[in-house]
Amino acid sequence: MVFEAPRLARGVLFLPPMNPEQPRWIAFAFGAAFALVPLASFAQELGDTSHWPMHLASAILLAALGATAARSSTATGSIPWTVWASGGFALLALTSFWTTELFAASEARYATGRYLGYTAAALVGWRMGLRGIPILAWGLLGAGGIEALSALGDLGQNSKAMADPYLAPGILGHKNFTSSAMALALPAAWYLWNRTQGAARTTVVAMGVAVLVAVVVLRTRSIWIGIALWAVFAAMRSIRNWKPLAAGLALGIIVLAGVLARPKAREAVLDPTNLRIREVFWTHSLTMLEAHPLTGVGAGQWRIHFPGYGLRGMNPSVSEGVTAEVRPHNDALWMGAEHGWPGVALWSSLWIGLAVAWWRLRREDGADLVAGMALIVLTYSLFEFPLERAAVWVPFMLAAGMLRQNRLEAKRTEFARWLPIGIIGALTACYAFTAMQGISSERDQEELLALNAQQNASKLLPAALETLDSWTELDRFGNPAPYFAGMSAMFLEAQRGPLTASSFSEAEAYFLQSLELHPHHVVTWYQLGNMYRYRGDAPKAESTYRELLKRSPRHPGGQMHLAHSLLAQNRPEEAAALLFAAFGSDAYYQQPDYRNATIQALRQCPDRVAMKGVQAVLNERTRLDDTGLFARFLAEKATWIGR
């Protein structure tokens, strides 16, 4: 297709008159550059290279598009509901500061900043209108091409990646992030296929094929479903031009068949484990909504409240606090949990409004591209969290904002003309500031994580105290900054010795401060319990470990050290019952602490106890030595677990 609009290129990209072939390649290059942001040196310093760096890049892009919109002569039309819904998200996040108890308020600040940026994106799309769709499509194609090639490159470099696609994260750092972002290029490629020829069409086909193959082999199942829904929609809307679409689908099916021919890949695709884990996320989210129907738990607070509802069913790294779940993997439930039923209503209205707008404009060129993107994003949002990721949500908001009629603009006053531009500028400035704070915060947090890994307590303590501010409270794993200060203070005092009943007062203060920011932080509860145990305060250690086990019932250290605390208070029957019911791995059961606590509890137990499994072991206690007694205990425990 030859663009009708050098005027569009001048208005949107701030360029002088040019060859009509040029805007498409400029948009393509801009999209590719956008996707390459995670490779920038400042992004490589961070743990998540595609989170805040992509938000900052989006803010810069929106600022450029917003500035050029001032010179655009395209029509404005009525403001689409997408703008109002996005602004509503920001307003709900902002009201959290007054309507709910926020623990880590920085998380609410970040959520508000993201939503303000999304509102700006929708406004910029509104200013551009459907005439901006070709530019957006080429930008999506450029970004999708880079993302697809990065994923395919990872697959080629790692022979194990076909069996485990998480080993092929692509340029966005995680296979799901990369897959969801590049999937938007498929509707763009279909749109451009019907409007290009020659070298442009060749480029469209090449990028489309690369994206399709990469999406299939990365095996993000929600993206597969979204693309399938889009393909059905596209076929229905292009019934007379079905052959190219059918060829693309045939290619996808062939690649899929090749992937599923590998037994391990087939087992992974059919494995329901991830859905079972998501069921825990979703159940807890619904419980949050039920407990806080009007306000939710507050913007950005889901990650803090989630462990408070119990971590049973989570994988060991989450149960032990090594990593943390920070989103419910369903954006509708995320909005509901954090903002109550008003959040659910606003989220639903976004999609309903978008569907109504598409229906009214379904005969307009470009409307089907917006609808295709919406189908993919909506499907993905039911199982993941595109609402957080700029690489998906910002292009989607741009497209959704464009879904308005291209009426001629009536004569307007200078004030009326510049007011939307001023609003876009203010929103984008807030968005950029939030992104820069996020980058700075994550850089500081990475320093803390590195010092913690090195066990460099002397440097970690001052660094943790210096890091803590209104924008830096939790790291990406949910660890509060004072937790690191507490660990450092405890380690340094233990080195100085000797320990007394008043030892670790500084560490205790830091741990309690950590719990003020994150009252359900598993590792803080664990280390606080350890601290009380080290200084000989068994009752406090017991109560602290019990608080830990309320949140993480199968925490191995919590179970074992609670038993030690009970033994210190001469309560062997309770300790034996706890150790018998404890869940862990074979390696865990062979730890000296577990073995010694078990033998001590069994030797000190009275002849008759309440737990039948322990009683069965005690019946043979007198004829067994310690090794035999422990072996008999493990055998009875295995029988009990089997039942």
Report summary line: Residue count, the range 587-619, condition more than 48 Å from the chain's Cα centre (by Cα), open to solvent by 40 Å² or more (accessible area, probe 1.4 Å) and not polar (S, T, N, Q), comes to 4
Query - Any pair with Cβ under 9 angstrom, 6 or more apart, that starts in the range 138-163 at a residue that is in a helix (DSSP H, G or I) and ends at one that is basic (Lys, Arg) - result: TRP138/ARG24; ALA151/LYS175; ASP154/LYS175
Requested in this report: For the range 225-261, enumerate the residues that are in contact (Cβ under 8 Å) with a residue 12 or more places away in the chain, among the aromatic types (Phe, Trp, Tyr) and surrounded by fewer than 20 Cβ atoms within 10 Å (Cβ to Cβ).
Outcome: PHE233
Report task. Take the range 464-481 and flag every residue that is buried (at least 20 other Cβ atoms within 10 Å of the Cβ) and closer than 12 Å to GLU447 by Cα. Result -> ALA464, THR467, ASP475, ALA481
Report summary line: The number of residues in the range 604-643 that are part of a helix (DSSP H, G or I) and over 15 Å from GLU574 (Cβ atoms) is 23
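Quick grid of which residues meet (1) modelled with pLDDT of 95 or more; (2) closer than 26 Å to VAL318 by Cα; (3) of a type in the set (A, V, I, L, M, F, W, C):
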residue: PRO395; (1), (2), (3): yes, no, no
residue: ARG407; (1), (2), (3): no, no, no
residue: THR413; (1), (2), (3): no, no, no
residue: ILE439; (1), (2), (3): yes, yes, yes
residue: LEU451; (1), (2), (3): no, yes, yes
residue: GLN454; (1), (2), (3): no, yes, no
residue: ALA464; (1), (2), (3): no, yes, yes
residue: ALA489; (1), (2), (3): no, yes, yes
residue: GLU506; (1), (2), (3): no, no, no
Report summary line: When the range 535-556 is checked residue by residue, the ones that are part of a helix (DSSP H, G or I), touching a residue at least 24 places away in the same chain (Cβ under 8 Å) and open to solvent by 10 Å² or more (accessible area, probe 1.4 Å) are ALA538, PRO539, GLU542, LYS550, ARG551, PRO556
Query raised in the report: Of the residues VAL213, VAL209, which is open to solvent by less than 50 Å² (accessible area, probe 1.4 Å), part of a helix (DSSP H, G or I), touching a residue at least 40 places away in the same chain (Cβ under 8 Å) and of a type outside the set (Lys, Arg)?
Result: VAL213
Query - Condition check for GLY156: out of contact with any Lys or Arg (no Cβ under 8 Å at 6 or more places or on another chain) and more than 28 Å from PHE477 (Cα to Cα) - result: yes
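The values are calculated or read from the model by the stated rules, or taken from the named source; none is laboratory data. These figures come from a predicted structure and were not determined experimentally. Virtual Cβ from ideal backbone geometry, glycine too; neighbours counted across all protein chains shown. Keep in mind that these areas ignore ligands, DNA and RNA; they rest on the heavy atoms of the full protein, side chains included. Shrake-Rupley method; radii C 1.70, N 1.55, O 1.52, S 1.80 Å.
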